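FYI, it's all coordinate maths here, none of it is from the lab. Just so it is clear, the structure is predicted and the values come from calculations on it, not from any experiment. Every residue, glycine among them, receives a Cβ derived from its backbone with ideal geometry; neighbour counts consider all protein chains shown.
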Amino acid sequence: MNSLPDVISDDEILARFILFSKWIRSDNTVKPDAFIPHPHIDLSVTRHIGLKENELWEIGKDVTILRQAKLYGRTDIQSLKIRKNGLDIIPVPLPNNKNHANITGWVKDKSQQKIIALQIAAQSIFTSKPVNIS
Amino acid sequence: MIMTNNCYIYPNIITSGTGPANQYISGQIEKWREHLESCFCLGLQDIFEELYTIAEECNKAGWDGYDAMPVNEITLQNARQFIAALPTKIQKPTISVEPDGCLTFEWYHSPYRVFSISISQDSYLHYASLVGNNKKYGTVKFLDCIPKDIIMLITEITG
């Protein structure tokens, strides 16, 4: 795999894997709860860049194995939309996920986190896990 | 239901007279109140069951597959009180949990017309409302009644 750009451009797409069913609404949109950064000060995402669709899902699957959780899908959002909410994204490659990144710059105030999470959630697009991914 | 000190509460209705007309009115009010409470209780039973199910599902650390904190008994109790304090006319919310262990209630019309409120174990209500480009958010202490401003934000979503 080629090395990824150190700077995440505004047009890069980021995925947040959804491992809790109650974060998905009945109309296949995602609740803001999926974007609340706790207990860490950052929020984990995976960069799409350089990955084929199946490779992206394989990373999601690896997360579920590591976390002993069930994968329900992922929600995608463009980097620019994160930055427009006063946040930033920095690459934080992991041994098992070179495309890992963190959304940083969250305020501490919980209600402000919620309004930012609402806006991010509104702009993100949810995709259910494909049937061939266990 | 009446509003006082910017909160909604149930009144204890007392009539002062003793004549037949007063007795009739008192009887009708009592029947109406019992009917209203039974309807609301039936609705509450469903939402309480959902609340317990979700709290049980999230009662261990890491329930979100990342490093979420568990929902504890105090948070559950606070959430139950919050639901019980909602005016009867308000539509039922959907329930969820945030990674810090707060239980959340959401009133949703569309991604840009949505209200979310979290209740914490220390009895704080953290809320955020998005209606088009209009954003409102804040934190208040939950003291067994729901502030009027929050009810108004909910009704902005539910209509």
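Structure summary
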{"quantity": "Label point at B:K135 placed 7 Å out along Cα→Cβ; residues across the stretch A:86-112 whose backbone nitrogen lies under 20 Å", "calculated": "A:86-90, A:103-112"}
{"quantity": "R0 of 35 Å, Cβ-Cβ distance B:K60-A:S9: FRET efficiency to nearest 0.05", "calculated": "0.35"}
{"quantity": "Positive dipole terminus of the protein assembly as shown, leading residue within A:L14, B:I54, A:P130 (C-beta point charges)", "calculated": "A:L14"}
{"quantity": "Estimated dipole of the protein assembly as shown in Debye, rounded to 20 [Cβ of Lys and Arg +1, of Asp and Glu -1, Cα centre]", "calculated": "420"}
{"quantity": "Derived scalar couplings ³J(HN,Hα) [the stretch A:86-102; Karplus, 6.51 cos²θ - 1.76 cosθ + 1.60; whole Hz; x for Gly, Pro]", "calculated": "x, 10, 9, 10, 10, x, 9, x, 10, x, 9, 7, 5, 8, 5, 9, 10"}
{"quantity": "Links that overshoot a 18 Å alpha carbon limit, given the list A:K22/B:K92; A:K81/B:K135; A:K31/B:K141", "calculated": "A:K31/B:K141"}
{"quantity": "Above-threshold pairs, the threshold being 23 Å between Cα atoms, out of A:K70/B:K136; A:K108/B:K148; A:K114/B:K89; A:K114/B:K148; B:K60/B:K136", "calculated": "A:K70/B:K136; A:K108/B:K148; A:K114/B:K89; B:K60/B:K136"}
{"quantity": "Average silhouette area of the protein assembly as shown, convex hull of alpha-carbon atoms, in square nanometres", "calculated": "17.1"}
{"quantity": "Among A:N97, A:G50, A:Q68 the positive-end extreme of the charge dipole of the protein assembly as shown (Cβ point charges)", "calculated": "A:G50"}
{"quantity": "Inter-chain shielding of A:62-71 (mean C-beta neighbours from other protein chains, 10 Å cut-off)", "calculated": "2"}
{"quantity": "Shape of chain A, Cα gyration tensor, a/c cut at 1.5", "calculated": "oblate"}
